[in-house]
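Here the structure comes first, spelled out in structure tokens, and everything after it is commentary.
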Ligand SMILES: Cc1cc2nc3c(=O)[nH]c(=O)nc-3n(C[C@H](O)[C@H](O)[C@H](O)COP(=O)(O)OP(=O)(O)OC[C@H]3O[C@@H](n4cnc5c(N)ncnc54)[C@H](O)[C@@H]3O)c2cc1C
């Protein structure tokens, strides 16, 4: 058994670490000041264009996209280090295209969809969203009621979606709908490609979320979709959707490692400097335990993330590992960041340090892509099987 990260993947991780240090970290104080002033968490358009240019020149676009459309076709295991490094700063930046929707598209597109949707997406020319959650069905997407009915060659979709990230700006949304009410998750849910501004795809409101994110509520009213925009085959949208969720869950585990590592690095730097009651904080047992526990849990989580990604790359069934890692990683990082905030005292309560933004990000990560309790329930249900 070889636990060494492959040389080319380590070099990629180092490259992204330098990119983060040179391009994103210098903007962080300004990003935090803007957020504290009520302008939201973001970077200027000019900065984004400049950073996009640099990341493209460095070959960091389309890392896991197919080679024949300009990607590097890297496995999941290569992206752990990339996402870990990107998460070390709260300067918001995503290397185009966002992997989870990419993986779902790669698994499903036909030739026409590939040209119209996948290729512009890989080139960074199109933004996408995914609409699964509904007012009555979130953690349990099989309970969705949005339905698509055939009308000649077209489909007509009706229903309601909520908590959808990027829905107002996305060039296209992958929308999940019931196409067979009897079969539901077992062959009755399909995925559709909905273009921005499609008649009947009505964005009702923007919902400000904890941590500065925004999601949207959408009413889908007699939204007519041409037959060729059915993604994959009819009734078989659930499996690629799970692949998409799985890709995001591994990514979230890597983000969690990155955020926790940054918080740990800050603790290690600050604890010896701050003297209380005649001794540096680094001499206190309580603080040493936070540091030791953080280092241990980060190490364990990183190994779990690599293990899960490697197994996924081998085509193995990782549903159990995926639920374990998503719940464990996010909760681990939430605790480490909370300890770091505590260590910094009042300074940890300011909006000048990145810690509070990380805490807010992790707070919502405990909910999206499946709440912690749902993942633990999945693990327990799998292990207990019929013994319950
Ligand atoms: C910032 C953010 C962005 C999002 N973006 C998107 C998006 O782009 N597209 C999209 O489709 N959705 C998106 N979502 C929705 C997200 O996926 C759902 O909120 C999530 O799946 C939980 O669903 P719910 O809110 O309906 O909670 P529910 O399913 O109602 O669960 C509520 C709580 O009940 C408990 N619970 C539920 N089931 C169980 C169980 N079996 N065992 C034990 N406890 C349980 C958990 O504590 C859970 O937190 C986003 C959410 C957030 C917060």
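Every number here is computed from the coordinates shown, using simple stated rules; none is lab data. What you see is a predicted model, and the numbers here were worked out from it, not measured in a lab.
Using only Cα atoms, tell me the angle between helix 372-384 and the longest principal axis of the chain; keep it within 0 to 90° and round to the nearest 10.
Computed tilt is about 80 degrees.
Using a 10 angstrom cutoff on alpha carbons, build the Gaussian network for the chain and name the most mobile of 107, 148, 263.
Ranking 107, 148, 263 by mean-square fluctuation puts 107 first.
How big is the Cα convex hull of the range 131-181 in projection, averaged over all directions, in nm²? Write out the running numbers ahead of the final one.
Values: hull surface 15.9 nm².
Result: a mean projected hull area of 4.0 nm².
Calculated from DSSP H runs of 4 or more alone, at -39500 (n - 2.57) each and per residue, what is the 222 nm mean residue ellipticity of the chain, nearest 500? Don't skip to the end; give the middle numbers.
Working: 11 runs with 174 residues, N = 388.
Dividing the helical sum by the residues of the chain leaves -15000 deg cm²/dmol.
Just to be sure I understand: with springs between alpha-carbon atoms less than 10 Å apart, which residue in 104, 347, 324 has the highest mean-square fluctuation in the Gaussian network model of the chain?
347
If contacts are Cα pairs under 8 angstrom and at least 6 residues apart, what is the relative contact order of the range 215-303 in percent? Please list the in-between numbers first.
Details: 32 pairs, mean separation 22.0, N = 89.
That works out to 25 percent.
Whole percent per 5 Å bin, from 0 to the bin with the longest distance: what is P(r) over all C-alpha pairs of the range 1-154?
In order of increasing distance, the bins hold 2, 8, 14, 16, 16, 15, 13, 9, 5, 2, 1, 0 percent.
Helix 285-313 against the longest principal axis of the chain: what's the angle in degrees, Cα atoms only, rounded to the nearest 10?
For helix 285-313, the angle is close to 30 degrees.
In whole Å, what is the distance between the alpha-carbon centres of the range 136-208 and the range 337-388?
One Cα centre to the other: 28 Å.
I'd like the distance between the alpha-carbon centres of the range 31-86 and the range 251-286, rounded to an integer number of Å.
When both Cα centres are located, 27 Å separates them.
Relative contact order of the range 202-358, please, whole-number percent, based on alpha carbon pairs below 8 angstrom and at least 6 residues apart.
Working: 140 pairs, mean separation 37.3, N = 157.
Relative contact order, the range 202-358: 24 percent.
Let me have the relative contact order for the chain, percent, based on Cα pairs under 8 Å that are six or more residues apart. If you can, show how the numbers build up before the last one.
Working: 647 pairs, mean separation 59.5, N = 388.
Reported relative contact order: 15 percent.
What does the C-alpha gyration tensor say about the overall shape of the range 134-223? Classify as rounded when a/c is under 1.5, otherwise prolate if a/b is larger than b/c, or oblate. Don't skip to the end; give the middle numbers.
Details: a/c = 2.33, a/b = 1.37, b/c = 1.70.
Judged from the Cα gyration tensor, the range 134-223 comes out oblate (a/c at least 1.5, b/c at or above a/b).
Could you identify which residue out of 67, 352, 234 has the top mean-square fluctuation in a GNM of the chain using Cα springs shorter than 10 Å?
Among 67, 352, 234, the largest GNM mean-square fluctuation belongs to 67.
Can you tell me the orientation of helix 99-108 relative to the chain, as the angle in degrees between its alpha-carbon axis and the longest Cα principal axis, to the nearest 10?
30 degrees
From the P(r) of the chain, could you give the percentage of C-alpha pairs in the tail past 27 Å?
On the way: 38983 of 75078 pairs.
Beyond 27 Å sits 52 percent of the P(r) for the chain.
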